[in-house]
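Chemist: Before I ask anything, let me first share the structure, which is written out below as structure tokens.
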Amino acid sequence: MNTLLTTSVEEAVSVIRGGGVAAFPTETVYGLGANIFDEWAVGRIFEAKQRPADNPLIAHIADADQIDQLAAHIPSSAHALIDEFFPGPLTIVLKKTDSVPLIATAGLDTIGIRMPSLDLAHQLIKKCGTPIVAPSANLSGRPSPTTWQAVYEDLDGRIDCILQSDPTDIGLESTVVDCTGDGPPTLLRLGAVSIDELRAIVPEIRTHTIGESDARKSPGLRHRHYSPTAAVVLVDSRDPLPFTSNDAAYIGLHAPTAGPSRRLVCHTVAEYAHSLFEFFRECDRGGVTTIFCERVDESGMGAALMDRLRRAAKDE
Ligand code: TXA
Ligand code: MG
């Protein structure tokens, strides 16, 4: 299959409207989009990414009135979160309507919904005239793509189109909150919208169940994620790095006094988050075997960054 590379949003829209799959940027990471109501196209997303069929997709919308096509019920906590954080890097899980095909939700009776804030993503979804399902546009298990070139690296020849644009701003995937239960909403995935920001709107939000017990609720969490081929080792800023040869690398907020010459020293946690996945990919391209990653303080964006670092470091 020939993958069309284009900077024209209209071309990407016509691919999706014609039943194809097209990668496009959002403010978090690049997504691989298809019309949610086109089951054949949605199936091609799973095939292209080699994504396990039990991992549900997020529906991306351009306007709040599209929520009614997707969600059967919107509890008041969800209304409050939507009012505050849409458009932006927050996904809300709600009970789905019958019109949402089960292939999109991996057989669940719920659907994750997100309204990207990036203007190009908004234009694409708006012009498609339908909600767009979009997982991150990487091969399953690889780090999410933050550049169109990373999408190309994983999916050239497997998808119909890549809408080429700038590297993504945030660099980590959206925060996911489940609003379907009888009780208060539950945080399923950490992201750029922090726990404190969520609590300012819904103080009773539950966060303690993140981990194994949620694998059932958010099947994506149990799959291997965000991993470069290289081994990821977490270090503290004051740790002396073990003696390493040329095939090691370092990323963090402080420059280690010794250690690998391949290193990326970031000025802020936001810059670290923005750069992480592309750094992982660069290390893989360069044959790096060990990546030392500095731990950060788990406040704000730091919590999401530490979540991704821990998942990448976990040897599964
Ligand atoms: O920032 C993002 O969310 C990016 C961009 C492209 O929007 N998308 C993304 O999608 O990260 P994906 O498919 O790579 O991750 C979706 C996560 C998975 O962990 C999945 O299990 C969870 O959201 N999820 C989706 N629908 C769900 C549902 N109905 N119930 C529980 N978890 C759900
Ligand atoms: Mg993903």
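Bear in mind that the values in this text are calculations on the coordinates, not laboratory data. A quick note: this is a predicted structure, and the numbers were derived from the prediction, not measured. When we count neighbours, we look across all protein chains shown, and the Cβ atoms used for this are built from the backbone with ideal geometry, even at glycine.
Chemist: Within straight cross-link reach of Lys96, meaning Cα distance under 14 Å, which aspartates and glutamates are found once same-chain residues fewer than 8 apart are removed?
Modeler: Hits, sequence-local ones excluded: Asp68, Asp109, Asp178.
Chemist: Would you calculate the convex hull of the Cα atoms in region 66-136 and tell me its volume per residue in Å³? Spell out each step's value before the answer.
Modeler: Details: hull volume 6.4 nm³, N = 71.
Spelled out: Cα convex hull of region 66-136, divided by residues, is 90 Å³.
Chemist: Compute the long axis of helix 39-49 from its Cα atoms, compare it with the longest principal axis of the Cα atoms of the chain, and write down the angle in degrees, 0 to 90, nearest 10.
Modeler: Relative to the chain, helix 39-49 is tipped by roughly 10 degrees.
Chemist: For Lys314, give me every one of the lysines with a C-alpha distance below 25 angstrom, ignoring sequence neighbours fewer than eight places off in its own chain.
Modeler: Lys49, Lys217
Chemist: Would you mind getting the Kirkwood hydrodynamic radius of the chain from its Cα pairs, rounded to one decimal in Å?
Modeler: Working: mean 1/r = 0.0506 Å⁻¹.
So the Kirkwood estimate lands at 19.8 Å.
Chemist: Relative to the longest principal axis of the chain, what angle (0 to 90°, nearest 10) does the C-alpha long axis of helix 76-85 take?
Modeler: Result, in degrees: 60.
Chemist: If you don't mind, another one. Determine, for Tyr250, Tyr152, Tyr30, the number of other Cβ atoms within 10 Å of each Cβ, and report the residues in order from fewest to most. Spell out each step's value before the answer.
Modeler: Working: Tyr250 24, Tyr152 18, Tyr30 30.
Fewest-to-most ranking of Tyr250, Tyr152, Tyr30: Tyr152, Tyr250, Tyr30.
Chemist: Something else about it: Across every pair of different alpha-carbon atoms, what Kirkwood hydrodynamic radius in Å does region 20-165 reach?
Modeler: Roughly 15.0 Å, rounded to one decimal.
Chemist: What does the charge dipole of the chain about its Cα centre add up to, to the nearest 20 debye, if the Cβ of each Lys and Arg holds +1 and the Cβ of each Asp and Glu holds -1?
Modeler: With only Lys, Arg, Asp and Glu charged at Cβ, the dipole is about 620 debye.
Chemist: With viscosity set to 0.890 mPa s at 25 °C, what whole-number translational diffusion coefficient in µm²/s follows for region 230-316 from Stokes-Einstein and a Kirkwood radius over Cα pairs? Write down the numbers at each step before the final one.
Modeler: On the way: Rh = 12.8 Å.
The diffusion coefficient I find is 191 µm²/s.
Chemist: What is the angle, in °, between the Cα long axis of helix 301-313 and the longest principal axis of the Cα atoms in the chain? Nearest 10 is fine, range 0 to 90.
Modeler: Roughly 70 degrees, rounded to the nearest 10.
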